[in-house]
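Notes follow once the structure below has been shown.
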Amino acid sequence: MINFANLEQTWRIEKIEQVVMQGERRRLAGCNARLGVHGKEVRFPLVRITMGGITGYSWSRVSREDAQAMIGASVSEIFCEEQWIKDRFQSIQFPLFDWLAKVGEIPVYELLTGKKWTTPLQVPCYDTSLYFDDLHLDYEADAVALLQEEAMQGYNEGFRGFKIKVGRGAMHMDLMEGTRRDIAIVNGIREAVGPECNLSIDANNGYNLNLAKHVLKETAHSKLLWLEEAFHEDDRLYRNLKDWMAKENLNVLITDGEGLAAKPIVEWAEQGLIDAIQYDLKDYGIVNWLKLSKRLAKSGVKAAPHNYGGFYGNFASAQVYPAIEGFMFVEWDEAQIPGIDTSGYRIADGKVTVPGTPGFGLQIDEAFYEKQVSANGWIAE
């Protein structure tokens, strides 16, 4: 555990650098219920901060103007015991956590928990890559076979949990034809991966109440773990769905909260209408998640932070897992980016092994990073 009083009080933010790093997923990601093809490319802003000659790297959307205003800030202005990082510096909290952990020569998970691990940390994860990659196929059987093949790719990479995008009838296909295909694909994937894997579905608000009931009933034998974003959060609809599920003896969790979530969603969860909250880890932030998870735990609500398309969220989620009460599974969007060595993280038997190296456990090629910043990024100092 870092004692902020022991930090060198003369240390100040000397430099903040940013560049958008680019790489690729292992295959192209198709559509979901409300968006077109997601593609193969991944991009994220990688920020490096320097204080006391020590650097911290991580995701951050901080603007150059705001970064410039932070130059010269001292450790006493940045950090506090109550919430780790003061509000003014929340936009660079991820690189600051990396920096703090490197100062302490510990991984972020030990920093956040104040505990020492004697064996490697392993946390449960799931493959989030099963999109609408089948829309070009005319026949349901061919679509099922394709998604089974994709799921088995993840299985062979070590995943034992999978999230399947559904809601083809919301925009991309005829309503009932698309819904039938959703059902066939879910049941087909269950057949492919076997009974022990966790399967969840994500409708991206592409269903209504009755469609959600229909799909849950038709996939009941596939024993889904959760239904995510069935429709835009509505307490009356969720209460109806929950009552119906109880009568049908369906033990599927309701998860929601990604994106522009309804303001009362946490209160609805505390009322038993939503089983897990899914605010995005990066956008909502580690500091807010640490606070929220304590509140959720009081009423038994789980945490399932959203992560897709940001690359760094894979690794940040794994690091903060033991510090967030009720964290169910890390959402894993597999990708590789030149200049970032992710080999410290290994997935096997449904769990990701987290490296015990200082910070977030990623090795950044500093010369490559500096070259990218010089060519396409910015520096505040």
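Conditions tested, residue by residue: (1) touching a Cys at 6+ places or on another chain (Cβ under 7 Å); (2) of a type in the set (Val, Ile, Thr).
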| residue | (1), (2) |
| --- | --- |
| 322 | no, no |
| 332 | yes, no |
| 337 | no, yes |
| 342 | no, yes |
| 346 | no, no |
| 353 | no, yes |
| 358 | no, no |
| 373 | no, yes |
| 381 | no, no |
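Within segment 4-13, the set of residues being crowded, with 16+ Cβ neighbours inside 10 Å and either at pLDDT below 95 or out of contact with any helix residue (DSSP H, G or I) (no Cβ under 9 Å at 6 or more places or on another chain) (or both) comprises just one member, 7.
Among the residues that make up segment 46-69, is at least one of them of a type in the set (S, T, N, Q), part of a strand (DSSP E or B) and open to solvent by 10 Å² or more (accessible area, probe 1.4 Å)? For segment 46-69, residues of a type in the set (S, T, N, Q), part of a strand (DSSP E or B) and open to solvent by 10 Å² or more (accessible area, probe 1.4 Å): present. Please go through segment 218-250 and pick out each residue that is open to solvent by 70 Å² or more (accessible area, probe 1.4 Å), outside any helix (DSSP H, G or I) and touching a residue at least 12 places away in the same chain (Cβ under 8 Å). Those that are open to solvent by 70 Å² or more (accessible area, probe 1.4 Å), outside any helix (DSSP H, G or I) and touching a residue at least 12 places away in the same chain (Cβ under 8 Å): 223, 232. If you filter segment 290-349 down to residues that are out of contact with any His (no Cβ under 8 Å at 6 or more places or on another chain) and of a type in the set (Asp, Glu), you find that the one that is surrounded by the fewest Cβ atoms within 10 Å (Cβ to Cβ) is 349.
If you take the residues in segment 102-141 that are acidic (Asp, Glu) and either within 28 Å of residue 304 (Cβ to Cβ) or part of a strand (DSSP E or B) (or both), which one is farthest from the chain's Cα centre (by Cα)?
Residues of segment 102-141 that are acidic (Asp, Glu), as a first pass: 105, 110, 127, 133-134, 138, 140.
Remaining after also requiring either within 28 Å of residue 304 (Cβ to Cβ) or part of a strand (DSSP E or B) (or both): 110, 127, 133-134.
On the way: 110: 20, 127: 11, 133: 21, 134: 24 Å.
Looking at residues that are acidic (Asp, Glu) and either within 28 Å of residue 304 (Cβ to Cβ) or part of a strand (DSSP E or B) (or both), I get 134.
For segment 288-315, taking the residues that are over 20 Å from residue 259 (Cβ atoms) and in a helix (DSSP H, G or I), the one that is nearest to the chain's Cα centre (by Cα) is identified as 315. Taken together, the residues in segment 151-183 that are closer than 14 Å to residue 223 by Cα and assigned to a helix (DSSP H, G or I) amount to 1.
The values are calculated or read from the model by the stated rules, or taken from the named source; none is laboratory data. Quantities reported herein were computed from a predicted structural model and do not represent experimental measurements. All Cβ positions, even for glycine, are placed from backbone atoms using ideal geometry, and neighbour counts span all protein chains on display. These accessible areas exclude ligands, DNA and RNA; they are computed on the full protein's heavy atoms, side chains included. Shrake-Rupley method; radii C 1.70, N 1.55, O 1.52, S 1.80 Å.
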